[in-house]
Number of protein chains: 2
Amino acid sequence: MSARAGIVITGTEVLAGRVRDRNGPWLADRLAELGIELAHITICADRREDLEAQLRFLADERVDLTITSGGLGPTADDLTAEVVARFQGRALYLDEELERRIAAIVEPLLKRWRGLDPEAIRTSTRKQATIPEGADVLGPAGTAPGLVVAPANGRDGPTTVVLPGPPGELHRLWPEAVETAAFGAATTGRSQFEHRMLRLMGIPESEIAETLRVGEERIDGLDALEVTTCLRRAELEVAVRYEPSAQAAWEGLLALVRERHGPQLFSDDGTSVDGQVAALLTDSSRTVAVAESCTGGEMAGRMSAPAGASAYFAGGVVAYANEAKARLLDVDPGLIERHGAVSPPVAGAMAEGVLARFGADAALAVTGVAGPGGGTEDKPVGYVCFAARLADGSELARDLVIPGERPDVRDRSTTLGLHILRRLLRGESADL
Amino acid sequence: MSARAGIVITGTEVLAGRVRDRNGPWLADRLAELGIELAHITICADRREDLEAQLRFLADERVDLTITSGGLGPTADDLTAEVVARFQGRALYLDEELERRIAAIVEPLLKRWRGLDPEAIRTSTRKQATIPEGADVLGPAGTAPGLVVAPANGRDGPTTVVLPGPPGELHRLWPEAVETAAFGAATTGRSQFEHRMLRLMGIPESEIAETLRVGEERIDGLDALEVTTCLRRAELEVAVRYEPSAQAAWEGLLALVRERHGPQLFSDDGTSVDGQVAALLTDSSRTVAVAESCTGGEMAGRMSAPAGASAYFAGGVVAYANEAKARLLDVDPGLIERHGAVSPPVAGAMAEGVLARFGADAALAVTGVAGPGGGTEDKPVGYVCFAARLADGSELARDLVIPGERPDVRDRSTTLGLHILRRLLRGESADL
C-alpha cells in the first residue's frame, strides 16, 4: 500500500480559468517520483469555506498528505495559512524572525519600484510572517514562506504542505518540504511503482482498445497493469503503471504492441517527438531551420523551447503573407499563382528556401489553412502541406486534412511536422 | 442566491499532468455567462472509487449541477457513464437507436484507416451507446454522446451533465445540455453577477493591496465586491465580481485605481494587450512584422493566434543564430561584435531590418538571454532588449532584467514586447 496524496490548488483566477494551473502537473510528477499515489486534485476560489471543504474532503478520503498551492500572498484574499492552521487545530502567531527575513528580501524591491508606500510593505510582510504554531517554515522563496503543518497533538488526518502559487517559488520550496520530518512521517511505507509510456502516431484509440482485449487473452497477469490511453496533439499515448512484480505482464504488453503497431510506435522510453528530433539533430551535428505559415511561429517556438536549443536551432521564417514567401524564402510567385500558397510545391519551395537562407543542414516547412476562414472545397480548413529537406537534397513531403478548430489545427500541424522531420532524419518514409 | 455548480475532470493523463485540462476553464466561462456560481473543480484518474468520491463530495457541498468531462471513449478505462448511472440510481441499457447513429458516424472512419478490425469497432460502438435510463442524450459529437442525468425518482442531489473530454466535442454538446429541461430545473432562480477585469502593467501586487485598504476607508459598500488579484505573465490582473446592487462601489473602486495607478492601468474593459495591439493595427490599417531571438517564435505565434490575424500580421524572422541576424535581418555584424547580440543597438537594427524585409508598417524586435546558460555578469539570464519601430521612423526601446526560469523569461518577454508595441502605436513613451 503506497502513501496517498491530494493536491489543492487555490485561486479564484485559476478556478475561473483566467490562469492555467502549472503546479498540479508539476507536483504530480514529483509525487510519482517519490512513489506516492496522487488520488485527487481539487481547485477552489479564494474563499474560506470552499478551501476548508476541500481539505475536509481529502482528509475523509484518507490521504496521507495534502499539498496546497497559492494563497500565501500579501492581499486579503490570500487565506491559506489561516485556513490550514484552523483545520489542523493550530493557532496563528507572528514569527518575528521570519518577519525580519522577509523584510530583508523586500528591501531591494523597495529601491527598484518608485514611490512605494513603506507602511503597505510592512503590513504585507507581517501578514506573510503570520504562521501556524509548530509548523516547519520553508524558504521563503519570493516573499512567501512555505509551511509543513501536521495535525495538532491528539488529532488525526493528513499532514499539509503549504506552498506558494508562483511556479518558480513552489519549485524552490518543494525539496525543503520533502526533507522535513513531518513529511517523512506522513508518507512512510510508500511502495514504488514503475511508470512506462508508449507513444504512437497514426492510429485511432479503438485499435489500442482491441489490442488490450487481445492481450487479456494472451498475457498472464495483464490486469495487474493500470493502462490509460489518451489522444494528445494527434498522438496516442498509452501510459502504464504497475508494481515491480508485474514486470513480465508489462513486457508481454510491450511485445504485443510492437507486433501489432510496430510502424506507428515511435517511443517506448518516455521520449517525445520533440526530444527525439533534438537528439537526432544533435547526434548528427546538424542545424535546422523552419519555414511556416499556418502555424505562425509555433513550430519555431516548440523547437527552440528546450534549454540548449541554440546548438541545433538556427531559426525560422514566419511567412504569413504571400509576398513574404517570395521575399524571404525565394518562393517563385508563379508557383504560388499556379498551385496556391497552400500546396505541396510551395511547401517544397519554402523548405528549399529556408535551408539556403539560413545555411542550415535540415529544414522543415508547413503551409496550411488554419481557419476559421480561408477554406475552399478543394482545400478545406485543416488542409496542411509539409515538406522536410536535408542539405544533401533528400526530402519527405505529406499533405492531409487535420481535424479541429484553429488552435487544434496549429498545434497538431506542429506535431505532425516534427514527425515528418523525424522520419527524414531517420531515413524513413513519410507514411505516418 | 445563485445556482452553484462543480466540475469533475476525469482522466489519469490529466491528473498525472501529461495532458493539460482545457475544459475546466472553458466551462467556467460558460457558467459565469449563465450566472451559475462555480464552487469547485476536481480532477481524478480513471478509477471508479475516486470518481464516485468526487461526485459525492460535490453533492455533499450542495451544488445544483455537476459537470463531468472525459471518460466516454471506447476503452475499458472510460467509466463515466457507468459511475454516474450508479450514483444517480439509474440502470444502464443499450440504446439501439443511438448505436445506429454512432455506427453511421464511424463508417467513414473505417474507410479512412486501413486494416481496422470491424468487430473491435462494433464493441466500441455498443459501449458508447450504453447509457443510464432516463438520461437526455446529447449529440453525439465525435463518436461519444453527452448525457444529462438527473437523480432517479425519489432521490436528492445535483443533476449531472456528462460531456466528452476532447474540447471540440465538449464545446459542441454544451449548448444542447443547457437547453434540456433537466438542466433548467437544476439551475432555476440563478442571480446574475457582474464581472469586471482591470489589467495593470508595471506595479507589484502589494500596491494594489494598499489601494484596496485605502478603498475600505473611502468607498461605501466596498465589501460587496469580490476582488481577486493575480500576477500573470508580468501583468497584474484585478478581477471583481458583484451583484448589480453594488454598482456604485465598483465605480468607486475603478475611480480610485485610476487615480492611484492611471499610467499602469492599460485595460478596464476585459481586453488583453494582445487584443489591443490587434485592434490598434487594424484600426490604423497597419501591418506588423516581428524579429525575435530569445522568444524563439513565441512572439509571432501569439500575434498570429487570433482568427483573422492575416489582416495585420505579415510574418516574422526567428533569428536564433547570430549569422541569421545578419543574413535575414541585415544587422551589421560589426554592431553585434561591438555591443553583443543581446544589446539595445542590435534590437534596434533587428526592428529596422524586419520592417524593411517584410515591407511592413510596424515592427517589433526582441533579443535576450532566456537561459539557463549564456548569462554573464553584465548581461545575466533574463536580460532582454526590445525595440519597436514604425515605417515613419518613430521608435521605442527598452531593456531590463526579467525574473524567472527559461519558459517564464520567454513568456514574459513576449508580453512585455506587446506592451512596448502598444505604447508606440498609441504614441506613448516606453516607461512601463
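Kindly establish whether residue A:373 is surrounded by fewer than 16 Cβ atoms within 10 Å (Cβ to Cβ), free of Cβ contacts under 8 Å to residues at least 12 places away in the same chain and under 25 Å from residue A:233 (Cβ atoms).
Against the criterion (surrounded by fewer than 16 Cβ atoms within 10 Å (Cβ to Cβ), free of Cβ contacts under 8 Å to residues at least 12 places away in the same chain and under 25 Å from residue A:233 (Cβ atoms)), residue A:373 qualifies.
Looking at the structure I just gave you, is residue A:274 more than 10 Å from every other protein chain (Cβ to nearest Cβ), of a type in the set (D, E, K, R), in contact (Cβ under 8 Å) with a residue 24 or more places away in the chain and within 28 Å of residue B:289 (Cβ to Cβ)?
In short, yes.
Condition first: among the acidic types (Asp, Glu), touching a helix residue (DSSP H, G or I) at 6+ places or on another chain (Cβ under 9 Å) and surrounded by 17 or more Cβ atoms within 10 Å (Cβ to Cβ). Can you find one or more residues in segment A:16-25 that meet it? Lay out the reasoning, then the answer.
Here is the first cut: in segment A:16-25, the ones among the acidic types (Asp, Glu) are A:21.
Adding the requirement that they be touching a helix residue (DSSP H, G or I) at 6+ places or on another chain (Cβ under 9 Å) leaves A:21.
Going one step further and asking which of them are surrounded by 17 or more Cβ atoms within 10 Å (Cβ to Cβ), we end up with A:21.
The answer is yes; a qualifying residue exists.
Going by the structure shown, is residue B:232 free of Cβ contacts under 8 Å to residues at least 60 places away in the same chain, among the charged types (D, E, K, R) and under 25 Å from residue B:407 (Cβ atoms)?
On the way: free of Cβ contacts under 8 Å to residues at least 60 places away in the same chain: yes; among the charged types (D, E, K, R): yes; under 25 Å from residue B:407 (Cβ atoms): yes.
Yes, satisfied.
Which helices (runs of 4 or more DSSP H) sit wholly inside segment A:1-115 and have at least 3 residues that are closer than 30 Å to residue A:153 by Cβ and at the interface with another protein chain (Cβ under 8 Å from one of its Cβ atoms)?
A:48-60
Name the strands (runs of 3 or more DSSP E) wholly within segment B:196-280 that hold at least 1 residues that are touching a Cys at 6+ places or on another chain (Cβ under 8 Å)? Walk me through it before giving the result.
Numbers: elements: B:226-232, B:235-242, B:265-267.
The qualifying strands (runs of 3 or more DSSP E) are B:235-242.
Condition check ((1) closer than 30 Å to residue A:242 by Cα; (2) among the polar types (S, T, N, Q); (3) buried (at least 24 other Cβ atoms within 10 Å of the Cβ)) across all residues:
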{"residue": "A:46", "(1), (2), (3)": "no, no, yes"}
{"residue": "A:54", "(1), (2), (3)": "yes, yes, yes"}
{"residue": "A:69", "(1), (2), (3)": "yes, yes, yes"}
{"residue": "A:76", "(1), (2), (3)": "no, no, no"}
{"residue": "A:79", "(1), (2), (3)": "no, no, no"}
{"residue": "A:101", "(1), (2), (3)": "no, no, no"}
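So for segment A:245-260 (the condition being over 29 Å from residue A:198 (Cβ atoms), surrounded by fewer than 24 Cβ atoms within 10 Å (Cβ to Cβ) and away from every other protein chain (no Cβ under 14 Å)), does at least one residue qualify?
Checked segment A:245-260: no residue is over 29 Å from residue A:198 (Cβ atoms), surrounded by fewer than 24 Cβ atoms within 10 Å (Cβ to Cβ) and away from every other protein chain (no Cβ under 14 Å).
Please work out if residue A:407 is in contact (Cβ under 8 Å) with a residue 12 or more places away in the chain, within 14 Å of another protein chain (Cβ to nearest Cβ) and out of contact with any strand residue (DSSP E or B) (no Cβ under 8 Å at 6 or more places or on another chain).
No: the conditions fail for residue A:407.
Has segment A:314-322 got any residue that is more than 10 Å from every other protein chain (Cβ to nearest Cβ) and under 31 Å from the mean Cα position of the chain (by Cα)?
No, segment A:314-322 contains no residue that is more than 10 Å from every other protein chain (Cβ to nearest Cβ) and under 31 Å from the mean Cα position of the chain (by Cα).
Looking at A:169, A:194, A:179 in this structure, which one is surrounded by fewer than 16 Cβ atoms within 10 Å (Cβ to Cβ) and under 21 Å from the mean Cα position of the chain (by Cα)?
A:194
Each row is one residue, and each column tells you yes or no for (1) over 23 Å from the mean Cα position of the chain (by Cα); (2) of a type outside the set (Lys, Arg); (3) at pLDDT below 95.
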position: A:397; (1), (2), (3): yes, yes, no
position: A:407; (1), (2), (3): no, yes, yes
position: A:418; (1), (2), (3): no, yes, no
position: A:425; (1), (2), (3): yes, yes, no
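Closer than 30 Å to residue B:166 by Cβ and modelled with pLDDT of 95 or more: is that true of residue A:347 in this structure? It would help to see each step written out before you state the result.
Values: closer than 30 Å to residue B:166 by Cβ: yes; modelled with pLDDT of 95 or more: yes.
Considered against the rule, which asks whether it is closer than 30 Å to residue B:166 by Cβ and modelled with pLDDT of 95 or more, residue A:347 comes out as yes.
What about residue B:169, is it closer than 30 Å to residue A:228 by Cβ and in a helix (DSSP H, G or I)?
Yes; evaluated as a whole, the condition is true for this residue.
Select from segment B:25-69 the residues that are over 22 Å from residue A:56 (Cα atoms) and without any contact (Cβ under 8 Å) to a residue 24 or more places away in the chain and list them in ascending order.
B:25, B:28, B:29, B:33
From (1) touching a residue at least 40 places away in the same chain (Cβ under 8 Å); (2) over 23 Å from residue A:20 (Cα atoms), pick out the condition that doesn't hold for residue B:237.
With (1) touching a residue at least 40 places away in the same chain (Cβ under 8 Å); (2) over 23 Å from residue A:20 (Cα atoms) applied to residue B:237, the lone miss is (2).
What about residue A:290, is it touching a residue at least 60 places away in the same chain (Cβ under 8 Å) and either surrounded by fewer than 24 Cβ atoms within 10 Å (Cβ to Cβ) or closer than 30 Å to residue A:380 by Cα (or both)?
yes
So residue B:294 ticks every box in (1) more than 19 Å from residue B:212 (Cα to Cα); (2) within 14 Å of chain A (Cβ to nearest Cβ); (3) at pLDDT below 95 but one. Which box is left unticked?
Residue B:294 satisfies every listed condition except (3).
Restricting attention to segment B:307-315, does a residue exist that is of a type outside the set (A, V, I, L, M, F, W, C), within 30 Å of residue A:360 (Cβ to Cβ), out of contact with any Lys or Arg (no Cβ under 9 Å at 6 or more places or on another chain) and in a loop (DSSP other than H, G, I, E, B)?
no
Just name the residue that is farthest from residue A:134 (Cα to Cα) out of those in segment A:179-207 that are among the aliphatic types (A, V, I, L, M) and modelled with pLDDT of 90 or more.
A:201
With respect to residue A:331, determine if the residue is assigned to a strand (DSSP E or B), modelled with pLDDT of 95 or more and within 14 Å of another protein chain (Cβ to nearest Cβ).
no
Do we have residue A:96 as acidic (Asp, Glu) and in contact (Cβ under 8 Å) with a residue 12 or more places away in the chain here?
Against the criterion (acidic (Asp, Glu) and in contact (Cβ under 8 Å) with a residue 12 or more places away in the chain), residue A:96 qualifies.
The values are calculated or read from the model by the stated rules, or taken from the named source; none is laboratory data. Worth saying up front: this structure is predicted, and the values here are computed from it rather than measured. Here the Cβ is made from the backbone with ideal geometry for all residues, glycine too, and neighbour counts use every protein chain on show.
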